[in-house]
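Here's the structure we're looking at; comments come further down.
The values are calculated or read from the model by the stated rules, or taken from the named source; none is laboratory data. Keep in mind that this is a model prediction, so the values were computed, not measured. No Cβ is skipped: glycine too gets one built from the backbone with ideal geometry, and neighbour counts run over all protein chains shown.
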Amino acid sequence: MSYREDETRTEYLSIEVARRDYDFSVVSLNSSLHVGGEGYVEVVIKNAGRFKIYNAILIINTTPPLKPNSMAMESYLGDLDVNCEAKAKFKVYVMEGAISQSYPAKLILQFKRSDERIAFLSKTIGLDVGVDIAVG
């Protein structure tokens with residue numbers, strides 16, 4: 001075999017990207033959180049796995065200075081086909097003394113698989129907190 005410097009060779013490869021059996025992605029995230037008040041967090045998730053998800057429940061979990069409202073920290077999403085999206089809305093309180101920045105929170109997706117076993121997936125998100133400025 002001989003090789004010349006001005007010689008090029010192109011080879012094409014086929015690459016298959018396999019998805020996980022069960023997975024979700026965060027499509028959008030909107031929040032209206034301010035220090036010393038309660039606001040809303042709206043999130044849209046997508047079933048990014050290979051299989052349908054049954055009886056899905058999305059739960060938000062935070063640490064201080066964020067505190068989810070215990071009456072609105074879970075959202076029932078139902079069954080999600082592959083590539084289908086669902087929206088959830090949560091109430092979150094921001095404690096006094098917090099600063100204006102992004103705080104970590106965890107979204108936990110609880111669901112049943114096709115074999116009736118319960119499974120959990122989680123994603124970490126950032127929640128932006130603003131400071132209300134008093135005008136007076």
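Points to keep in mind about this one:
- For the stretch 10-32, the count of residues that are within 16 Å of the chain's Cα centre (by Cα), acidic (Asp, Glu) and either buried (at least 16 other Cβ atoms within 10 Å of the Cβ) or over 27 Å from Ile118 (Cβ atoms) (or both) is at least one.
- In a residue-by-residue description of the stretch 106-114, the property of being basic (Lys, Arg), at pLDDT 95 or above and in a strand (DSSP E or B) applies to at least one position.
- Residue among Val82, Val92, Val131 that is aliphatic (A, V, I, L, M) and more than 17 Å from Leu33 (Cβ to Cβ): Val82
- Residues within the stretch 94-105 that are surrounded by fewer than 17 Cβ atoms within 10 Å (Cβ to Cβ) and assigned to a strand (DSSP E or B), tallied: 2
- Flag if Tyr54 is surrounded by 12 or more Cβ atoms within 10 Å (Cβ to Cβ) and more than 30 Å from Val129 (Cα to Cα): yes
- Flag if Val82 is within 18 Å of the chain's Cα centre (by Cα) and part of a loop (DSSP other than H, G, I, E, B): yes
- Residues of the stretch 61-79 classified as over 15 Å from Met95 (Cβ atoms) and surrounded by 15 or more Cβ atoms within 10 Å (Cβ to Cβ), total: 5
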